[in-house]
Protein chains: 2
Amino acid sequence: MQAVRPRQARAARDFSASQSRLPDAVHARILEDIGPVRAAGSVLTLPFTGARFRTIRAAAEEHLRTLLDISDDFAVLFLQGGASAQFGLVPMNLAPPGAVADYVETGYWSRKAMDAAVGAVRVATAASSAQGGFDHVPPPADWRLTPGAAYVHVTDNETGDGVEHPDAPPTLPVPLVSDMTSNFLTRRVRLTAHGVIYAGAQKNLGVAGLTVVLVRRDLLGRAHAFTPAPFDYTQQDAACSMVNTPPTFAIYVAGLVFEWLLGQGGLPAMETAARSRSEALYAAIDGSEGFYRCRVQRAYRSRVSVCFDLADASLTPLFLLAAREEGLDGLAGHSRIGGLRAGLYNAVSQEDVAVLAEFMGDFRRRFQ
Amino acid sequence: MQAVRPRQARAARDFSASQSRLPDAVHARILEDIGPVRAAGSVLTLPFTGARFRTIRAAAEEHLRTLLDISDDFAVLFLQGGASAQFGLVPMNLAPPGAVADYVETGYWSRKAMDAAVGAVRVATAASSAQGGFDHVPPPADWRLTPGAAYVHVTDNETGDGVEHPDAPPTLPVPLVSDMTSNFLTRRVRLTAHGVIYAGAQKNLGVAGLTVVLVRRDLLGRAHAFTPAPFDYTQQDAACSMVNTPPTFAIYVAGLVFEWLLGQGGLPAMETAARSRSEALYAAIDGSEGFYRCRVQRAYRSRVSVCFDLADASLTPLFLLAAREEGLDGLAGHSRIGGLRAGLYNAVSQEDVAVLAEFMGDFRRRFQ
């Protein structure tokens, strides 16, 4: 095979917000299970109808149920399409025609979810922090919920704006639907507060192309007639997420990640580590005498999407270039928002953050 | 990492119809591009927003356009959800509410496509071979097309029934939509006869979780308002299939497969090889004096899904067991249809088929 493109010299520490690297142990295991050329039974191409994949899928579900303490009241689905597809599929699965759905607007991604739902459901804004420039999460006590709403949708972590819900709200009178794509499995979750949780795989579950959806079973059976079967929660639940060919390799990788997380001490350990990583970085920002700035109110600062900027924005390209030279990659802010950003997912180490904080200190001393 | 399950002894030659293995050269290249533990820039976790993935995606599209001689009149989309999702997404993208769509029923999968479209479009049967037990494809001259139909849908190859359209029909008065999941890139295609072609990746494109959709551009812009953006052909075309996070690894693998196919001589070479493989196997069946039987009329026998059975059906479990012992795997027929089946995708070699044919001869001599 000719190379599609020559291999680049690559950064050693990746803070990309769009895709996390894999834990080393998971990476090693994947190589082993792919096997050498002509290896039979490679995990790259497992027939989904075979016993081996069925075992892998069942084990992945079991590990996830253990991690999050998921009872049988919830279905665990492994779907395709990405979390953005769920923006449209949540109303198609939960809201009868003409129903109202409430949305809590906290930044770029919750806005995207609202825009995508228009047409499938009557979208109502239960609360918004747009007036504050998305520098906080409106407290649940202030949410104006519509009586009889099909659900209320939140984006648990806003990767573009660096804002995170501090905790799940108290149990609400309408089902809570939470997009946890970017902070899934980085802390414990009070599952009983939720109706639906969904998360794309590319942040904390491995390779892109898989979306995990947890659905409280009493919410099943409400899909619109025109919902394609692979996107119908009820049909996928009945078929163990094998209504059609599932993304077998992505599910296999996610299963390895779940297993790795359990071996690391599960979600309490991830919660401690995420807190520790983000606090170290916010300390570097807050201690910079205004050279670096984070405009998010402290109580709502994301533990996984640390968004900041330089008081002198003209230094941003130089910062990114200098960081890259130090092997620190993926630090540009969201393309529509700008600034700087560090994605601190589970596979990022405390040492990675320490190296970044040290670089930020050096850069500041050169240019402040 | 603990093993999810101990590695099994695996068959050396896999004829699974649901998932093809990869060509050796592609497998080797994937291992290289994944790299060792702590390798930076692994293809497992490429950020889709980065330059490297964009280059990979663009190259994959370019290779596919070269292979199939696709003009700019067609959009090339890399989507998620599987071909079964397209059963619902084709009407959502092409048919205005209340429209009629014609379907040609030739077996299990075309029936599935029809059932899934009900509710999104008024389904009309343009032709059916159900009365013949799906032993042929109704000739296009006999299709009863509905004037003004949004499209006519065909399943180019029926993996469950072993029936394949011998060729594309002449250009029709309504757009032709063809599910080529199982025979995509196994022969040349007269693209101008088609409006839409779609194909899941797991047969001839590599790893599951990717669906290639080719859409004639004059058919864009017709999606229902409630079509989720990642499944809206028009939005995905405008965004180079990056409306949201695409299945980066599956697209990378498909790109390698396209490149491999070009190096092998492209579709003329694949067509010759597929013909040669299937003829060798049908010869073994037809020359068995009725011990093995294929009930599909010769002109419509699939080149990639050779479905057959044993005159004495009670021998089927023994056949599968003995085959497995010889390293010949994946030969059970579709779970809802039964019998035997060999999936002869591009990565299956002529030698694989020769070994299978020899085994079939030996088995026959023992039990006839």
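The values are calculated or read from the model by the stated rules, or taken from the named source; none is laboratory data. For clarity, every value in this text was computed on a predicted model and none was experimentally measured. Glycine gets a Cβ as well: all are built from the backbone with ideal geometry, and neighbour counts include every protein chain shown.
Could you list, in sequence order, all residues of the stretch B:21-41 that are under 16 Å from B:Gly255 (Cα atoms), at the interface with chain A (Cβ under 7 Å from one of its Cβ atoms) and assigned to a loop (DSSP other than H, G, I, E, B)?
Within the stretch B:21-41, B:Arg21, B:Leu22 qualify.
Looking at B:Cys240 and the list (1) outside any loop (DSSP other than H, G, I, E, B); (2) in contact (Cβ under 8 Å) with a residue 40 or more places away in the chain, which single condition is not satisfied?
With respect to (1) outside any loop (DSSP other than H, G, I, E, B); (2) in contact (Cβ under 8 Å) with a residue 40 or more places away in the chain, B:Cys240 is out only on (1).
Every residue in the stretch B:54-85 that is in contact with a helix residue (DSSP H, G or I) (Cβ under 8 Å, 6 or more places away or on another chain) and within 11 Å of chain A (Cβ to nearest Cβ), please.
Result: B:Ile56, B:Arg57, B:Ala59, B:Ala60, B:His63, B:Phe78, B:Leu79, B:Gln80, B:Gly81, B:Gly82, B:Ser84, B:Ala85.
Please go through the stretch B:45-59 and pick out each residue that is under 24 Å from the mean Cα position of the chain (by Cα) and either closer than 19 Å to A:Val253 by Cα or of a type in the set (A, V, I, L, M, F, W, C) (or both). Break it down stepwise before answering.
Looking only at the stretch B:45-59, we keep the residues that are under 24 Å from the mean Cα position of the chain (by Cα), and these are B:56-59.
Answer for the stretch B:45-59, where residues must be under 24 Å from the mean Cα position of the chain (by Cα) and either closer than 19 Å to A:Val253 by Cα or of a type in the set (A, V, I, L, M, F, W, C) (or both): B:Ile56, B:Ala58, B:Ala59.
Taking only pairs six or more apart or across chains, which ones have beta-carbon atoms under 8 Å, a first residue in the stretch A:162-178 that is free of Cβ contacts under 8 Å to residues at least 24 places away in the same chain, and a second residue that is part of a loop (DSSP other than H, G, I, E, B)?
Sorted first by the residue in the stretch A:162-178, then by its partner, the pairs are A:Asp167/A:Arg190.
Output the number of residues of the stretch A:334-360 satisfying the condition of being more than 19 Å from the chain's Cα centre (by Cα) and surrounded by 14 or more Cβ atoms within 10 Å (Cβ to Cβ). Steps first, please.
From the stretch A:334-360, those more than 19 Å from the chain's Cα centre (by Cα) are A:338-339, A:350-360; that's our starting set.
Now restrict to residues that are surrounded by 14 or more Cβ atoms within 10 Å (Cβ to Cβ): A:338-339, A:352-357, A:359-360.
The total comes to 10.
Which of the residues spanning the stretch A:207-235 are in a helix (DSSP H, G or I) and within 11 Å of chain B (Cβ to nearest Cβ)? Explain how you work it out, then say what you get.
Of all residues in the stretch A:207-235, those in a helix (DSSP H, G or I) come to A:217-219, A:229-231, A:233-235.
Of everything in the stretch A:207-235, those that are in a helix (DSSP H, G or I) and within 11 Å of chain B (Cβ to nearest Cβ) turn out to be A:Ala229, A:Pro230, A:Phe231, A:Gln235.
Quick one: would you say B:Tyr198 is assigned to a strand (DSSP E or B) and crowded, with 16+ Cβ neighbours inside 10 Å?
Numbers: assigned to a strand (DSSP E or B): yes; crowded, with 16+ Cβ neighbours inside 10 Å: yes.
Yes: the conditions hold for B:Tyr198.
Cβ contacts < 9 Å: first residue without any contact (Cβ under 8 Å) to a residue 60 or more places away in the chain and hydrophobic (A, V, I, L, M, F, W, C), restricted to the stretch A:261-284; second residue part of a helix (DSSP H, G or I) and buried (at least 20 other Cβ atoms within 10 Å of the Cβ), any location; separation 6+ or different chain. Result?
What qualifies is A:Ala269/A:Leu261.
Scanning for something outside the structural domain of A:Gly162 (by TED's automatic domain parsing), in contact (Cβ under 8 Å) with a residue 24 or more places away in the chain, under 27 Å from A:Leu185 (Cβ atoms) and touching a strand residue (DSSP E or B) at 6+ places or on another chain (Cβ under 6 Å), does the stretch A:309-326 turn up at least one residue?
no
Hey, could you check the stretch A:330-368 for residues that are touching an Asp or Glu at 6+ places or on another chain (Cβ under 9 Å), assigned to a loop (DSSP other than H, G, I, E, B) and closer than 27 Å to A:Arg187 by Cβ and say which is modelled with the lowest pLDDT?
A:Ile337
Going by the structure shown, is A:Thr186 within 30 Å of A:Asp309 (Cα to Cα), among the β-branched types (Val, Ile, Thr), away from chain B (no Cβ under 14 Å) and touching a Lys or Arg at 6+ places or on another chain (Cβ under 9 Å)?
On the way: within 30 Å of A:Asp309 (Cα to Cα): yes; among the β-branched types (Val, Ile, Thr): yes; away from chain B (no Cβ under 14 Å): yes; touching a Lys or Arg at 6+ places or on another chain (Cβ under 9 Å): yes.
Against the criterion (within 30 Å of A:Asp309 (Cα to Cα), among the β-branched types (Val, Ile, Thr), away from chain B (no Cβ under 14 Å) and touching a Lys or Arg at 6+ places or on another chain (Cβ under 9 Å)), A:Thr186 qualifies.
Modelled with pLDDT of 95 or more and buried (at least 24 other Cβ atoms within 10 Å of the Cβ): does that describe A:Ser182?
On the way: modelled with pLDDT of 95 or more: yes; buried (at least 24 other Cβ atoms within 10 Å of the Cβ): yes.
Considered against the rule, which asks whether it is modelled with pLDDT of 95 or more and buried (at least 24 other Cβ atoms within 10 Å of the Cβ), A:Ser182 comes out as yes.
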